[in-house]
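Scroll down for the structure; my scribbles are underneath it.
Rule-based calculations on the coordinates, nothing more; no lab input. Since the model is a prediction, treat every value here as computed from it, not as a measurement. Quick reminder, even Gly has a Cβ in these numbers, built from the backbone with ideal geometry, and neighbours come from all protein chains shown.
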Amino acid sequence: MPKNLQMLIDAARSRPVSPDELQAQRRSFAYGNTKIENDRVTREMVAEQDELLQIEAKAL
């Protein structure tokens with residue numbers, strides 16, 4: 001592996017991930033996995049459900 005690529009990988013490992021990035025990653029994962037099973041699923045549907053789940057979690 002090229003040395004500059006290894007340096008980038010090492011830097012990425014120690015970089016903190018923001019809450020917005022985690023949310024985007026979670027939604028992307030959910031969308032990708034559900035889209036495989038159901039072609040009618042949209043990114044908007046996943047975002048709506050994520051918002052509802054966050055509201056529920058805060059209420060607990």
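If you plug each phi of the range 40-53 into the Karplus form 6.51 cos²θ - 1.76 cosθ + 1.60 with θ = phi - 60°, what whole-Hz ³J(HN,Hα) values come out, in order, with x for Gly and Pro?
With the stated coefficients, the range 40-53 comes to 7, 5, 10, 4, 5, 4, 5, 5, 4, 5, 5, 4, 4, 5 Hz.
Nearest 0.05, what FRET efficiency do residue 59 and residue 12 give at R0 = 22 Å with Cβ-Cβ as r?
Working from the Cβ atoms, E equals 0.05.
Could you tell me which residue out of 25, 2, 41 lies farthest along the dipole of the chain toward its positive end? Charges go on the beta carbon: Lys and Arg +1, Asp and Glu -1, centred on the Cα centre.
My answer, from the dipole projection, is 2.
State the three equivalent ellipsoid semi-axes of the range 18-59, derived from the C-alpha gyration tensor as the square roots of 5 times its eigenvalues, in descending order and whole Å. List each step's numbers first, then the result.
Working: eigenvalues 75, 33, 10 Å².
Taking √(5λ) for each Cα gyration eigenvalue gives 19, 13, 7 Å.
Please find the FRET efficiency linking residue 4 to residue 27, where r is the Cβ-Cβ separation and R0 is fixed at 35 Å, and quote it to the nearest 0.05.
0.65
Can you tell me the dipole magnitude for the chain around its Cα centre, using point charges on the Cβ only (Lys, Arg +1; Asp, Glu -1), in Debye to the nearest 20?
340 debye
For the chain, set up a Gaussian network in which alpha carbons nearer than 10 Å are linked by springs, and say which option among 30, 11, 47 fluctuates the most.
Looking only at 30, 11, 47, the largest GNM fluctuation is found for 11.
Just to check I understand the Karplus step: with θ = phi - 60° and J = 6.51 cos²θ - 1.76 cosθ + 1.60, what whole-Hz values come out for the range 12-25, glycine and proline as x?
5, 5, 9, 6, x, 9, 6, x, 5, 5, 5, 4, 4, 5
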